[in-house]
Every structure is written in structure tokens, then in C-alpha cells.
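The values are calculated or read from the model by the stated rules, or taken from the named source; none is laboratory data. Computed from a predicted structure; not experimentally measured. Cβ: placed from backbone, ideal geometry, glycine included. Neighbour counts: every protein chain shown. Protein only, heavy atoms only, side chains kept; ligands, DNA and RNA dropped before computing areas. Shrake-Rupley method; radii C 1.70, N 1.55, O 1.52, S 1.80 Å.
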Amino acid sequence: MRAVEIAAVGAPLRLTRRPIPEPGPGEVRVRVEACGVCGSDVFLQKGGFGDAVPFPVIPGHEAAGVVDALGEGVADSADLAVGDQVALYYITTPAGDPWAAAGRPNISPHVSRMGVDVDGAFAEYVIRPPAALVKPRAHVPPPVLAVLTDAVATPLHGLKRVAHLAPGETLVVLGVGGLGSNAVQIGKAMGARVIAVTRSEAKLRLARELGADETVPADEGDPVAAVKALTGGYGPDVVIQCVGSAAVDEQAIAMGGPGGRVVLIGSSLDHFRARAVDIFWRELSVLGSRGFIPDDIRDAIDLYLDGRLAVDHLVETVRPLEEADAALEDLKAGRGFRSVLTP
Ligand SMILES: [Zn+2]
């Protein structure tokens, strides 16, 4: 099969050939129809996931496909058949994992990640266990299904399961990129008033098109003061911080209102400064949100199928596997929104 691999830390993505993988007992072979290219792939290439990555590795963790072959024992235990459309959950955990048993496989210290710890979906085929497959209730265009599995599921997890955003609350979204643009839409779908803070005029316009009630330019004046002015001087109920920047982490904490929840999903490696007194005085909750769980993928699919989620801006650049490295370079350079590969 055709696949794209990263041979070593810092190496470009290169096209290669691998044997078509055979599903072992309890495994499923999926024919990949689409796989998103994401900032985590840049992180992987830079060596950000550490020494345990088995280079050369096939990246690709935002994938959609079709069940191609069932390993021994799968047909008896899972509601899966060859030809079924599936979204792929990129995490698996060992049997008996207590975090997974509590419904939180995303935070298990023992996660195995498709496209990081095991070969991913920048390939024609990939092997997954049935528990990592989510069947949509109706057909979804493959590039859309791929972005629902990560770019939509990640902010959905942060807003629904971590921040517990409630109808009528005010939500501030910091950064209107691949994650923040969806946070705007999910916030509206959950009944919040949404204020989007971002840099370029194009992204401010996109935020308004996606339903933001107000927008604040991040690079004109003080966005914290602008947000406070829009919230009666108090600050919002929830802030979701989608920008990989410690300076923006500090803005997120500074703008949260009394009793507010600040959710960090942007992954800056830099330190930010905060004062305990500023956090306890407002009873502010500063919350981490890591990835998502399969139910977030199901919720994202339902939002899309219910017509409550615009995805055109996420799938405007669909490219063949051969352009994987160009897609990654575009992402690094901030060109375009994001790319989806169709093997
Ligand atoms: Zn991703």
C-alpha cells in the first residue's frame, strides 16, 4: 500500500510502500478515505512526543474510512461489517485501564496513539480495534468525518465535558483557527452568547459567519479590556483558549469573570504567570482539556448531521497522499486553514 512516513525527528514526510496490514484477532482493517493534517503532526515531526515514538512512523490521527476486513473474533463481538463507514478514535488503552473504565481514556497515562505510538492513517489502510471505531448514523462525506474526529471533537470536549458550558452563559473563544472556529459554533449550538477574539480580519469575519455574537480584534488595543467592556465589566463565564501562546494563556486567566472557567486547549510549551490571589478572588477554575473521547466524536457527528455545524472552511483543501509534506509545510507557514488527505 501507499503510505507516508516520517523517518526520524526533523525529517520531511515521504511517500513509501508498506505491506497491506493484516488484522490480528480482535482487530479491524480500515480502508482510509480521509485523514486530516494537524498541528500534532508538526509536533510529532519536531520530536515533541519524546523518545518512545517508533520512527519511521506513519502519522495521521484524524481519520475516516470504511471497514475493509475483520480479524478473528470481531464479527461475534462487535456491531461491525465490511463496508461500514467509520470514524477512527486515535487512542487505545490496555485492558483494565482504570481511566478508560471511568470513561476518560484520553487522560490515561497508558494511551497508545494512532499516528504517534503506532502507525497512523496517512496510508491506504490502518489497523484498529473495534472500540476505536465510531459508526455514523448516516453517511458523512469522508473529509468531513475526518475533521469531526478531532478539530470538532476537541473543542466540544472542552466546552461540554470540561467547562460544562450552560445555555445563556457568555463564552469567549480565543483564536479562530482549526479548533477555535469550531468552538464558536459549538458554543452557539449549546446556547451561549459567543465573543470571538482573533487576529486577522478574515478570521474575525469567519467567526461572525459561524455565529459569533461579537468579535474583538486581538491585535488592536487590549483584548482583555475589550472583552470586559462587552461583559458589563465583569468578564465571561467561560473562556476557551485555543492559541498556542503563553501571552494568550495569561489573557484568558485575566479576563475570566467571577466563578468563571478558563479551559486551556492551546498547547504552548512556554510558561505563563498568574497570581493565586487573582484566581481565588474570582473563584476562577483554570482547566485543562486534553483531546476527546469517542462520545465527543458521536456528538460532533450528530451536530453535523443535524445541520448545526458548518464545515466548509475545514475541508476546503483536500489533497492526495503525495502532497502530505506540502500540507504540513502549509500548516507550519500558516497558509490556508488546514488540509485533509485522501489516500
Ligand atoms: Zn489533530
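How large is Rg over Rh for region 222-278, taking Rg from the Cα atoms and Rh as the Kirkwood inverse mean of 1/r across Cα pairs? Walk me through the intermediate numbers first.
On the way: Rg = 10.9 Å, Rh = 11.5 Å.
Using only Cα positions, Rg/Rh for region 222-278 is 0.95.
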Q | Distance between region 238-297 and region 139-189 - C-alpha centres, whole angstrom | A | 16
Q: Could you state the angle between the C-alpha long axis of helix 324-333 and the longest principal axis of the C-alpha atoms of the chain, as a value from 0 to 90 degrees rounded to the nearest 10?
A: 10
Q) log₁₀ I(q)/I(0) of the chain at q = 0.10 Å⁻¹, via Debye over equal Cα point scatterers, no solvent, to two decimals? A) -0.59
(Q) Defining a contact as two alpha carbons under 8 Å apart and six or more residues distant in sequence, what relative contact order in percent does region 1-130 show? (A) 34
Q.
Net charge within 13 Å of ALA212 by Cβ-Cβ distance, Lys/Arg positive one each and Asp/Glu negative one each, not counting ALA212 itself?
A. +2
(Q) Give me a comma-separated list of calculated 3J(HN,Hα) values for region 141-153, in order, Karplus coefficients 6.51, -1.76, 1.60 applied at θ = phi - 60°, integers in Hz, x for any Gly or Pro. (A) x, x, x, 5, 4, 4, 6, 4, 6, 8, 4, 9, 5
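I'd like the projected area of region 45-114, averaged over all directions, using the convex hull of its alpha carbons. Report it in nm² with one decimal. Each step should come with its number before you reach the end.
Details: hull surface 25.2 nm².
Over every viewing direction, the Cα hull of region 45-114 projects on average to 6.3 nm².
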Q: Straight distance only, please: which aspartates and glutamates reach the Cα of LYS188 with their own Cα at less than 13 Å, same-chain residues fewer than 8 apart left out?
A: GLU169, GLU209, ASP213, GLU214
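Looking at region 185-276, which trypsin sites (Lys or Arg not before Pro) are in a loop (DSSP not H, G, I, E or B) and have at most 10 other Cβ atoms within 10 Å? Let's see the in-between values first.
Numbers: sites: LYS188, ARG193, ARG199, LYS203, ARG205, ARG208, LYS228, ARG261, ARG273, ARG275; in loops: ARG199, ARG273, ARG275.
Here the trypsin sites (Lys or Arg not before Pro) that fit, given the DSSP loop and packing criteria, are ARG273, ARG275.
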Q. Mind listing the phi-derived Karplus ³J(HN,Hα) values for region 69-80, rounded to whole Hz, using 6.51, -1.76 and 1.60 with θ = phi - 60°, and x for any glycine or proline?
A. 7, 10, x, 3, x, 6, 4, 6, 10, 10, 7, 9
**Q.** Charge dipole magnitude, Cβ of K and R +1, D and E -1 - region 208-302, Cα centre, debye nearest 20
**A.** 360
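Using the 2.2 N^0.38 Å rule of thumb for compact globular proteins, work out how region 116-253 stacks up: its C-alpha Rg over that value, please.
Working: Rg = 16.9 Å, N = 138, 2.2 N^0.38 = 14.3 Å.
This ratio for region 116-253 stands at 1.18.
Evaluate the charge dipole of the chain about its Cα centre and quote only its size in Debye, nearest 20, assuming +1 on the Cβ of each Lys and Arg and -1 on the Cβ of each Asp and Glu. The partial results should precede the final answer.
On the way: 32 positive and 43 negative charges, 85 e Å.
In debye, rounded to 20, the chain gives about 400.
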(Q) Per-residue counts of other Cβ atoms within 10 Å, averaged by peptide: what ranking do you get for 29-36, 112-119, 78-85, highest first? (A) 29-36, 112-119, 78-85
Q. Calculated from DSSP H runs of 4 or more alone, at -39500 (n - 2.57) each and per residue, what is the 222 nm mean residue ellipticity of the chain, nearest 500?
A. -7000 deg cm²/dmol
Q: Provide the per-residue ³J(HN,Hα) series for region 309-319, in order, calculated from phi with Karplus coefficients 6.51, -1.76, 1.60 and θ = phi - 60°, each as a whole number of Hz, with x at glycine and proline positions.
A: 9, 7, 10, 4, 5, 8, 10, 6, 10, 9, 9
Q | Percent of C-alpha pairs per 5 Å bin, region 84-139, short to long | A | 4, 18, 27, 22, 17, 9, 3
Q.
Could you compute the net charge surrounding PRO236? Neighbours are other residues with a C-beta less than 12 Å from the C-beta of PRO236; K and R count +1, D and E count -1.
A. 0
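Which translational diffusion coefficient, to the nearest whole µm²/s, is obtained for region 51-165 from the Stokes-Einstein equation, given a Kirkwood hydrodynamic radius over C-alpha pairs, 37 °C and 0.692 mPa s?
Details: Rh = 15.2 Å.
Rounded, D is 216 µm²/s.
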**Q.** Under 5 Å, built H, 5+ apart or other chain: amide partners of THR215
**A.** ALA196
Q: Using a 1.4 Å probe over the heavy atoms of the protein chains, calculate the carbon and sulfur portion of the accessible area of region 177-267 as a whole percent.
A: 50
Q: Put one equal scatterer on each alpha carbon of region 214-312, apply the Debye formula with no solvent term, and list log10 I(q)/I(0) at q = 0.20 1/Å to two decimals.
A: -1.06
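Would you please calculate the Kirkwood hydrodynamic radius of region 260-343 over all C-alpha pairs and express it in Å, rounded to one decimal?
16.6
DSSP loop (so not H, G, I, E, B), at most 12 other Cβ within 10 Å: list which GluC sites (Glu not before Pro) in region 162-259 pass both filters. Kindly include the intermediate steps, with their values, before the conclusion.
Values: sites: GLU169, GLU201, GLU209, GLU214, GLU220, GLU250; in loops: GLU169, GLU220.
Of the GluC sites (Glu not before Pro), the ones in loops of region 162-259 whose Cβ has at most 12 other Cβ atoms within 10 Å are GLU220.
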Q) Considering amide H positions built from the backbone, and no H for Pro or chain starts, which residues 5 or more places from ARG261, or on another chain, come under 5 Å of its amide H? A) VAL238, VAL239, SER285
Q. What ranking, highest mean first, results for peptides 180-186, 44-50, 285-291 when packing means the other Cβ atoms within 10 Å averaged over each residue?
A. 180-186, 285-291, 44-50
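Give the residue list of GluC sites (Glu not before Pro) in region 263-330 that are DSSP loop and have at most 11 other beta-carbon atoms within 10 angstrom.
Values: sites: GLU283, GLU316, GLU322, GLU323, GLU329; in loops: GLU283, GLU316.
Filter output for region 263-330: GLU283.
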Q | Rg [Å, one decimal], Dmax [Å, integer] - region 163-227, C-alpha atoms | A | 10.8, 31
